[in-house]
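Shown next, in structure tokens, is the structure this report addresses.
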Amino acid sequence: MSPLRECILNNNTKIKPIWLMRQAGRYLPEFREIRKENPNFINLCLNEKLSYEITLQPLKRFNLDAAIIFSDILMLPYGIGQKVEFKKNFGPILQELDINKINEDNFVKKLQPIYNSIKKVSEYSNKNTKDLIGFVGAPWTLLVYMLNKQSPKKNINKELFNNHLTFNILKLIDKYLKIHINNQIKHGANIIQIFDSWAGLVDEKDLEKFIYKPTFSLVEYIKSLGVPVICFPRNIKNYKKYVEVIKPDAINIDYNVDPKIIKQDINIAIQGGLNPKVLLGNREDLKKEATKYLNLFKDKPYIFNLGHGVLPETNPDNVDYLVRLVKEFKC
């Protein structure tokens, strides 16, 4: 069994696998070359040849334990017919969604290049004893983008989220996320990560309807397919309660949470935590911060990762140094 699945499924504390969120992306010069020639981000995600190449770029540079398919959580709204575009220095912009035009066959057809790319990457990952991570956005985070039509970091209208239409859209999201997940697994993804990037926006009184219930539905579905699931509810106020209610196989923590509390409160595999800004500094600080997490979780099943994605200004040599550091760590 690969190190990542061994850690998650068998709670093996003697290995510390490593992969990084956004490990395939803007900090790699070879990715920037491709991006320069392919300015339309959605089209790039749907280019199965280039998606395959981009996904494997970090694995060819670094001794990582998993590939994560080069794609985006907003391929879900795109697949059901909501126009999505990425504006430079602004982020995603979404248009109105016509729920009467949603069609399952069209959805799968539109996203088929992603599944083809996953199949191709899985051939590489299987030969090299690497895991292949498929992923989706959590229902709440997708709802935010689909109704707000842009990143809530720029602006958010909270009045959009408490009406009858909201819950109809949540049902649609649940249905099509499961189709998307199933197709990723059928084509070779052997781990699924759920990204809830905007979980921290939800008030405690609304957690049940927007976070717990819809995410639990996905987690149960993924488990029924025999694949482990990692959840990343960024900036959630109570990781312990989240884990108890949703029951993922592993939990990714953000860099704002105290890892000592996580160690004390959570008994499943833990992933992440390191502030990606640490990769921008000197190696002495990087070693100190990385070793802090490795030592803290020495006797726990722990997957080394970040508390968010690799930043675009990161020096690839620092990523290489970090991967070597983790690989040489002795439990």
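Quick one: dipole size for the chain, taken about the Cα centre, charges +1 on Lys/Arg Cβ and -1 on Asp/Glu Cβ, in debye to the nearest 20.
Numbers: 50 positive and 36 negative charges, 71 e Å.
Using Cβ point charges on Lys, Arg, Asp and Glu, the chain gives about 340 debye.
The residue list Gln150, Ala290, Met75 was ranked by how far each Cα lies along the charge dipole of the chain toward its positive end, using unit charges on Cβ atoms, and Ala290 comes out on top. Hey, if you put +1 on the Cβ of every Lys and Arg and -1 on every Asp and Glu Cβ in the stretch 3-328, which of Gly25, Pro214, Gly281 ends up farthest toward the positive end of that dipole? Towards the positive end, the residue furthest out is Gly281. According to the Cα-based calculation, Rg over Rh for the stretch 192-331 is 0.99, with Rh computed by the Kirkwood formula. Rounded to the nearest 20, the size of the Cβ-charge dipole of the stretch 88-231 about its Cα centre is 480 debye, with Lys and Arg at +1 and Asp and Glu at -1. Excluding same-chain neighbours fewer than eight residues apart, the aspartates and glutamates reachable from Lys292 by a Cα-Cα span under 20 Å are Asp254, Asp258, Asp265, Glu284, Asp320, Glu328.
Considering helices alone, the calculated mean residue ellipticity of the chain at 222 nm is -14000 deg cm²/dmol, with DSSP H runs of length four and up weighted by -39500 (n - 2.57) and normalised per residue.
In terms of distances greater than 19 angstrom between alpha carbons, the cross-link table entries Lys240/Lys300; Lys16/Lys330; Lys277/Lys300 yield Lys277/Lys300. Averaging Cα coordinates gives a centre for the stretch 3-30 and one for the stretch 70-123; these two points are 25 Å apart.
Checked against a 25 Å cut-off, the cross-linked pairs Lys109/Lys154; Lys209/Lys237; Lys36/Lys101; Lys178/Lys247 give Cα-Cα distances beyond that limit for Lys109/Lys154; Lys36/Lys101. Excluding same-chain neighbours fewer than eight residues apart, the aspartates and glutamates reachable from Lys205 by a Cα-Cα span under 16 Å are Glu159.
In whole percent, what relative contact order does the stretch 3-328 give with Cα contacts below 8 Å and a gap of six or more residues?
Details: 566 pairs, mean separation 73.2, N = 326.
So the answer I get is 22 percent.
No value in this document is a laboratory result; all are computed from the given coordinates. Everything quoted here is computed from the prediction, not taken from an experiment. A quick note on method: Cβ atoms are made from the backbone with ideal geometry, for glycine too, and the neighbour counts reach across all protein chains shown.
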